Amino acid sequence: MTRHLLITGGCGFIGSNFVRFIRQTRPDWRLTNVDVLTYSGNLENLEDLTESDDRYRFVKGDICDRAVLHPLITEADAVVHLAAESHVDRSILDSRPFVQTNVLGTQTLLDALRRAQANDGRPRRFVYVSTDEVYGSLPLDDPDNKFTEQTPLDPRSPYAASKAAGDQMTLAYFHTFGMDVAVTRCSNNLGPYQFPEKVIPLFVTNLMDGEKVPLYGDGKNVRDWIHVDDHCEALLAVLERGQAGEVYNVGGNNERSNIELTLAILELMGCGKEMITYVKDRPGHDRRYAIDASKIEADLGWKPTRSAWPEALRETVDWYRANRTWWERVKSGAYRDYYKQQYGARIGAACACED
Ligand code: NAD
Ligand code: TDX
């Protein structure tokens, strides 16, 4: 069946990988990518997809804007919702854009879907891309303890709280209005096109510039790493085969402490431990995340195939080494000119969240 999929946030890290993944795996589908191009939205991430591809369309628009969403949702068959403010440290500096996009933006999308369904009687599946951070923090001394879908939500950063609100709002629209929604909660992604504020691209690009890497606190915090391609496979599985009203954990079964990750990056980069600088800890820094993904494996037959360690890390480090022009243009801000060149409009002007 040919489908028309609306992807929100398709110019970000996971979104751009997901757009490319769908293009390759479901070549018949029409894709619309709505993205307002905040600082982390980069059209150069999708440079290879051109407007001459009549099955792909980019729309610069804000998910908080009902007028933008209405026509896009009317014509779509399904929505995968990735658009978000995504960086924990930024949410500590200013939580308002997180509430605006992650909570109100999600609610605006859900209402637009509800209205479209009321108008034409056609249900549209909505996949909300949540995060393992909604579960809060696990202790280091209990390795068998992992997040399951039954773990109570306990978000501890403004970012996680805003994602949990969007996640719960999505499920509320299933219970209250019978809408066709599903939620995924994935662990830390690695791969190409990640904004170099996140730990892996930040550390690799710092080292390439001869700068030290800032490790927070004692470096013992643990994250559960998954390759972005495996996350994309999981999103497609939930979109196509997930049950309405269900939550699916997604993880790569790759728990690594930050110091372990840092030492592995240093080795791949041919650098020594003297390049580490221990800095003040992130306030409220969650100690450990670990995902039990047995439900999606049993129910939907999904399994990670690209997340093997250290291959996934080596491949990712190699990508940033080979794509210096991409990240230099991000770090210098030059990437923001690309939209102006392609579309001739002022970037950021449409983002209500920047008010
Ligand atoms: P990202 O910051 O790289 O990309 C976010 C994208 O959303 C950007 O292109 C941005 O321009 C767009 N956007 C932001 N506000 C918008 C708005 N109001 N209207 C339209 N577009 C807007 O983030 P990411 O790392 O790719 O994460 C994507 C999603 O996956 C997020 O919802 C995040 O919470 C979730 N997630 C991320 C990870 C991870 O490890 N990166 C893990 C689990 C879940
Ligand atoms: O400079 C740094 N030094 C450092 O030690 C940075 C940026 C991070 N860290 C640590 C903090 C975390 O323990 O590395 C770990 C990973 O940090 P981030 O890359 O900021 O990711 P995290 O906070 O774990 O959140 C990510 O995974 C879950 C994404 O940013 C979220 O969007 C996703 O929901």
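The values are calculated or read from the model by the stated rules, or taken from the named source; none is laboratory data. Not measured: the values here are computed from a predicted model. Please note: Cβ atoms are built from the backbone with ideal geometry, for glycine as well, and neighbour counts cover all protein chains shown. Each accessible area value is taken on the protein alone, full model and side chains, heavy atoms only, with ligands, DNA and RNA left out. Shrake-Rupley method; radii C 1.70, N 1.55, O 1.52, S 1.80 Å.
Per residue, the accessible area of the chain comes to 41 Å², computed with a 1.4 Å probe over protein heavy atoms only. The distance from the alpha carbon centre of segment 306-338 to that of segment 153-200 is 24 Å, rounded to a whole number. Equivalent-ellipsoid semi-axes for the chain (Cα gyration tensor, √(5λ), whole Å, largest first): 31, 24, 19.
Listed by number, the DSSP H helices of the chain that run 27 Å or longer by alpha-carbon position along their axis and have mean Kyte hydropathy of at least -0.5 are 158-177. Less than 5 angstrom separates the built amide H of residue 59 from those of 33, 34, 35, all sequence-distant by 5 or more or on a different chain. Cross-link partners for residue 331 among the lysines, with Cα-Cα distance under 29 Å and sequence neighbours closer than 8 places in the same chain left out: 60, 163, 198, 212, 220, 273, 280, 340.
With Cα atoms defining each centre, segment 109-128 and segment 65-91 are spaced 13 Å apart in the structure. Counting protein heavy atoms only, the chain has 48 percent of its accessible area on carbon and sulfur, 1.4 angstrom probe. Per-residue 3J(HN,Hα) values for segment 146-152, derived from phi via the Karplus relation 6.51 cos²θ - 1.76 cosθ + 1.60 with θ = phi - 60°, read 10, 6, 10, 5, 8, 4, x Hz in sequence order (x marks Gly and Pro). At an R0 of 56 angstrom, the distance between the Cβ atoms of residue 343 and residue 149 translates into a FRET efficiency of 0.85.
With loop membership from DSSP and a limit of 10 other Cβ atoms within 10 Å, the longest segment of the chain without trypsin sites (Lys or Arg not before Pro) is 1-279.
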